[in-house]
1. Do any of Lys95/Lys128; Lys47/Lys128; Lys47/Lys109; Lys109/Lys157; Lys47/Lys74 go past 25 Å between their Cα atoms, and which?
2. Rounded, prolate or oblate for the range 116-168? Axes are the square roots of the Cα gyration tensor eigenvalues, ordered a ≥ b ≥ c, and the cut-off for rounded is a/c under 1.5.
3. Only loop residues by DSSP count here, and only those with at most 16 other Cβ atoms within 10 Å; note down the chymotrypsin sites (Phe, Trp or Tyr not before Pro) in the range 56-142 that meet that.
4. Could you give the length gained on full extension between Ala40 and Glu153, defined as 0.36 nm per residue of separation minus the Cα-Cα distance, in nm?
5. Which of the GluC sites (Glu not before Pro) across the range 61-111 are loop residues per DSSP, with 12 or fewer other Cβ within 10 Å?
Amino acid sequence: MGALLIVLGVILGSLLIIPKKAYGTAPKADVPVNPNSIDAIIAENAKRYGVENALIRAIIRQESNFNPNAINPKDPSYGLMQIMPILAQDFGIVKEWMNPTEAEVAMIKQPSTNVQIGTWFLAKLLKKYPQGVAIQMYNVGEAGYNSGHRAAEYLSKVTGYYNEYKSN
């Protein structure tokens with residue numbers, strides 16, 4: 001239990017180090033597509049942020065296996081792209097990222113909002129880093145990146161899914 005708290009503290013502490021301005025100003029979460037159509041949501045955000053559709057799909061598959069109600073209680077992170085409340089705060093969805101309300105969590109989990117925030121964040125990483133590093137940072141955050149085994153395993157899985165989607 002103590003080790004888990006230390007790891008959580010390191011993760012949360014590293015997130016606090018990352019200035020919001022490093023990612024630019026977040027747009028409003030207003031994807032104008034049918035929220036019941038994940039394909040349309042992915043396509044709209046791929047176009048909006050200049051991220052390959054296949055890469056967004058690969059991240060979603062690894063993060064949630066396309067489950068819009070996925071929750072990782074360790075982070076916590078939510079939805080298709082496993083969005084943490086601190087990113088949702090940049091969109092004005094969450095007021096206090098360390099203590100999101102049920103309504104705020106429901107908004108984070110909404111597919112259109114979730115994919116927009118995740119794709120926006122991925123696009124910011126891709127503009128700053130090579131694709132492989134950006135993919136690993138999506139999983140562990142910029143401050144948490146050290147190209148360790150966990151990050152390499154994540155990259156391997158996402159790259160496999162990416163190549164699968166890209167060839168289809």
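1. Lys95/Lys128; Lys47/Lys74
2. The shape class here is oblate.
3. Those that pass, being in a loop and sparsely packed, are Phe66.
4. Here the segment from Ala40 to Glu153 would lengthen by 37.8 nm.
5. When the GluC sites (Glu not before Pro) of the range 61-111 are filtered for loop state and at most 12 Cβ neighbours within 10 Å, Glu96 remain.
Throughout, read-outs are computed from the coordinates displayed, never taken from laboratory work. All figures in this text were calculated on a predicted structure; none of them were measured in a lab. Cβ: placed from backbone, ideal geometry, glycine included. Neighbour counts: every protein chain shown.
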